[in-house]
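A.B. asks: Quick one: the structure is below, questions incoming.
The values are calculated or read from the model by the stated rules, or taken from the named source; none is laboratory data. Keep in mind the model is a prediction, meaning the values are calculated, not measured. Backbone-built Cβ (ideal geometry, glycine too); neighbour counts: all protein chains shown.
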Amino acid sequence: MVASHQFKDWSPTFDRIFSVPLPDGWFDAFIDEESEEPNSIKLPKELDTPKARKYFAKAIELKLITTDNGKYSWIGIGDRSKFSQLAYFLGKVFNYKHNFNGNVGEKFPEGALNELFGLKPRTRLYSLLTQVYNAKTHQRWRSQIDAIFEIDITQNYT
């Protein structure tokens with residue numbers, strides 16, 4: 001039966017395989033799914049969110065962050081304001097919303113972030129973050145970090 005492309009007992013198997021109901025648009029949803037890359041990002045439990053994995057992966061891809069044995073390092077943009085850049089990036093990842101009274105967004109996980117990046121406790125990321133927003137002069141690197149977070153209408157992280 002090989003010549004006629006029919007094999008004994010295969011018909012019921014094919015019927016089961018090809019009778020699986022799939023909703024309309026399943027293939028479009030499948031190809032639009034996130035790449036595997038953000039899933040390879042390892043973060044401590046309190047920092048591990050889909051949004052954090054996604055943007056850490058983007059920053060790694062752009063060579064703004066490097067990893068070594070579970071520790072992250074911020075390479076940054078240029079050689080100035082390295083920690084301010086990191087604080088600004090992390091503020092966007094962890095939903096910091098600046099207001100004249102301070103953060104009106106989610107709690108900024110400064111301690112866990114200091115540990116993740118191997119920063120000394122005196123490196124006050126939260127303080128640096130507020131200084132970035134209160135700066136009187138334009139920081140050229142901000143637009144480059146903002147570009148990482150261009151609106152993604154396919155995801156909802158709230």
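A.B. asks: Determine the pairs where a residue that is at positive phi, located within the stretch 45-66, has a partner that is of a type outside the set (Phe, Trp, Tyr) and surrounded by 13 or more Cβ atoms within 10 Å (Cβ to Cβ) with Cβ atoms under 9 Å apart, the partner being 6 or more residues away or on another chain.
C.D. replies: Matching pairs, first to second residue: Lys63/Ile75.
A.B. asks: Which residue is modelled with the highest pLDDT, if the candidates are limited to the stretch 29-56 and must be among the acidic types (Asp, Glu) and assigned to a helix (DSSP H, G or I)?
C.D. replies: It comes out as Glu46.
A.B. asks: OK, next. Can you tell me which residue within the stretch 69-95, out of those that are buried (at least 20 other Cβ atoms within 10 Å of the Cβ), out of contact with any helix residue (DSSP H, G or I) (no Cβ under 6 Å at 6 or more places or on another chain) and not in a helix (DSSP H, G or I), is modelled with the lowest pLDDT?
C.D. replies: It comes out as Ser81.
A.B. asks: Which residue pairs have Cβ atoms closer than 9 Å, lie 6 or more positions apart in sequence or on different chains, and pair a first residue in the stretch 126-150 that is farther than 9 Å from Gln85 by Cα with a second residue that is β-branched (Val, Ile, Thr) and not in a loop (DSSP other than H, G, I, E, B)?
C.D. replies: Sorted first by the residue in the stretch 126-150, then by its partner, the pairs are Gln139/Val132; Phe149/Val93.
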